[in-house]
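Just below is one structure, and these are the notes that go with it.
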């Protein structure tokens, strides 16, 4: 049984989709949701799904080993970022090299970096006159949105699109592809060891 943990900061729609996707299977288990905000709706989703959580603050994350020690206890095969907005500390990246993935709501390398999340991304895409947008699933390194790209999926940007309508298209791509790509990464790592 492969194990994943999810880091989330907000509503948790992707976290819920991933949890539901793997719930019925016997190959991959979501063992914990890590969250850096006590008011994030993802905590309610985790409670409803019966998934344990770890709530942590900036000091826990950057100045102590509290989060890293919990990761060691959980023994995840993959760390999944789903709407998590903090830069992952180097000590966690080094401990889980090429085992941390993120999903970004644009076609990287465009529209990435610090502060580029949610509606900010969609507004930038529309204001730039892009013909298409999409999602990028990538490994996490020491810089925002600069890790190796694993997968991208595209959608058309219509002239009538608003940040809200474009966000809806992006969410559809996220829900469709992210759980499958997570499964592919874990299956590939199993095959590497065989």
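Data table
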| quantity | calculated |
| --- | --- |
| Global form of the stretch 57-138, assessed from the alpha-carbon gyration tensor, a/c cut-off 1.5 | prolate |
| Cβ-derived FRET efficiency at R0 25 Å, residue 55 paired with residue 127, nearest 0.05 | 0.10 |
| DSSP bridge pairs, the stretch 10-160: antiparallel proportion in percent, nearest 5 | 65 percent |
| Reciprocal of mean inverse Cα separation for the stretch 102-168 (Kirkwood radius, Å) | 11.9 Å |
| Percentage relative contact order, the stretch 2-193, counting C-alpha pairs under 8 Å, at least six apart | 19 percent |
| Inter-centroid distance (Cα atoms) of the stretch 66-88 relative to the stretch 38-64, Å | 11 Å |
| Nearest-ten-degree value, helix 163-193 long axis tilted from longest Cα axis of the chain | 40 degrees |
| Folded to 0 to 90 degrees: helix 13-23 orientation relative to the chain principal axis, Cα | 50 degrees |
| Relative exposure of 165, 38, 13, judged by other C-beta atoms within 10 Å (fewest first) | 38, 165, 13 |
| All-pairs alpha carbon distance profile, the stretch 13-91, 5 Å steps from 0, percent | 3, 13, 27, 27, 19, 9, 3, 0 |
| Against the rule of thumb 2.2 N^0.38 Å, how large the Cα Rg of the stretch 2-193 comes out | 1.00 |
| Residue 65 versus residue 37: modelled label distance in nm, points set 7 Å from Cα along the beta carbon direction | 3.1 nm |
| Within the chain, helix-based [θ] at 222 nm, where runs of 4 or more DSSP H residues each add -39,500 (n - 2.57), nearest 500 | -12500 deg cm²/dmol |
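Only the coordinates and a few stated rules stand behind these numbers; no lab work does. None of these values were measured; they are calculated from a predicted model. A quick note on method: Cβ atoms are made from the backbone with ideal geometry, for glycine too, and the neighbour counts reach across all protein chains shown.
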